[in-house]
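This report concerns only the one structure given below.
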Amino acid sequence: MLFRFSANLSFGDVFDLRFMGVYLWATAFVYLVANAVALWRRLPVAEAAVESQCAVIGNIGFLGIPMLALLMGERAVGYIMMMLAVDLLIFGTLIVVLITGSRDQSVSWRTLRTVGKGIVTNPMLVAIFLGFSWSALDWPIPTPINEFLALLGNAATPGALFAIGASLASKSAERMHVAGWLSFAKLVLHPGFVALAVLVVWPLEPYAAAVMIASSALPTAGNIFMLAQHYGVAPQRVSATILISTAASIVTVSLVLAWLAAQGAF
C-alpha cells in the first residue's frame, strides 16, 4: 500500500518542511508533558520514555493511512507519510536512545548502530523510499501491477483491525489508571495541541490541518508494545494503553472526524 501510494506521488509534491515542523512542535510539547508527569512520579528514564511514546505516537501507518485515505481522499496520504516519517525517524530514535542510554549510562556507538539499523530496515520507511525512488525514475507502473498493488493495499484496513485485536487478546494489563491518563493524552491532548498549532499558532491550509488533526487523534500505536517487550520496560502498561485508547477512539475519532467534516475541511 505504501509503495503504491508513494510510487504514484512526486516527492516534491508531498515534502513540506513547515508541515513537518508544526507537527513536530505540537507532538514534542505533549511528549514533554507526559515525560514530566512520569518523572514527577519518580519513574526511571526508560519508563518515562515509554509512557511519553504512548502519549504521542498513534497508529497512523498501520491504520491511519488506509482509513483516512478512504474517508478523506488519497490526497491525505502524502501528509500522513510526512507525519509517519517524523514519528519513526525522530521519536522512534529517541525512545531507543533513552532506554539504552539510561541503562549504559551513556550513548555508545553500539546504541547508534542499533538505531541506524532499525531505521534502514523499517518496512514502512523502506516501502516509502522504494516508492519515491520509483517515482523519481519516472517509470510508470504497469496497469496490471498497479491494480494488484491496489488490491493488496485495500486489505490493509481490515487486516490491521484484525491484527490489532489479535495482539491485544493475548496481552495482560497493569496500572489501568496510568493507562487511562496516557490514553487521554493521546486521544485528547495530542490532537488538541495539534489543532492549536495548525489553526492558531502556525495556521496551515484547511485540508492539511484537517489531516494532521485527524491523524493525531488516532489511538496509541501497537509497535510501542514491541519495543517495550523487547527492552522489558512496562509492556503490560503499554498494552493497557493500547487497549483503552483503541476502544475509546471509536468514539473520540468519530467525533473529531465529524467536527472536521462540519467545518468543511474535507
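Observations, loosely collected:
- One residue stands out in the stretch 57-84 among those that are small (G, A, S) and crowded, with 17+ Cβ neighbours inside 10 Å: the one that is nearest to A26 (Cα to Cα), namely G58.
- Residues in the stretch 130-159 that are among the aromatic types (F, W, Y) and surrounded by 12 or more Cβ atoms within 10 Å (Cβ to Cβ): F132, W134, F148.
- Every condition in (1) among the aromatic types (F, W, Y); (2) closer than 26 Å to T246 by Cα; (3) modelled with pLDDT of 80 or more is met by F129 except one, and the failing one is (2).
- Breaking point among (1) at pLDDT below 75; (2) out of contact with any helix residue (DSSP H, G or I) (no Cβ under 6 Å at 6 or more places or on another chain); (3) over 26 Å from V251 (Cα atoms), for M124: (2)
- Test for L63: is it modelled with pLDDT under 90 and touching a Pro at 6+ places or on another chain (Cβ under 9 Å): yes
- Tabulated pairs, the stretch 255-266, first among the hydrophobic types (A, V, I, L, M, F, W, C), second surrounded by 17 or more Cβ atoms within 10 Å (Cβ to Cβ) and at pLDDT below 85, C-beta under 8 angstrom, 6+ apart or interchain: L260/F266
- In the stretch 226-246, the residues that are at pLDDT below 90, surrounded by fewer than 24 Cβ atoms within 10 Å (Cβ to Cβ) and touching a Ser or Thr at 6+ places or on another chain (Cβ under 6 Å): Q236
- Residues that are among the polar types (S, T, N, Q), touching a residue at least 40 places away in the same chain (Cβ under 8 Å) and under 30 Å from L94 (Cβ atoms), drawn from the stretch 115-153: S135
- Selection count where residues are closer than 16 Å to G64 by Cα and touching a residue at least 12 places away in the same chain (Cβ under 8 Å), scope the stretch 225-247: 3
The values are calculated or read from the model by the stated rules, or taken from the named source; none is laboratory data. Just so it is clear, the model here is predicted, and its values are computed rather than measured. Note: ideal-geometry Cβ built from the backbone for every residue, glycine included; neighbour counts use all protein chains shown.
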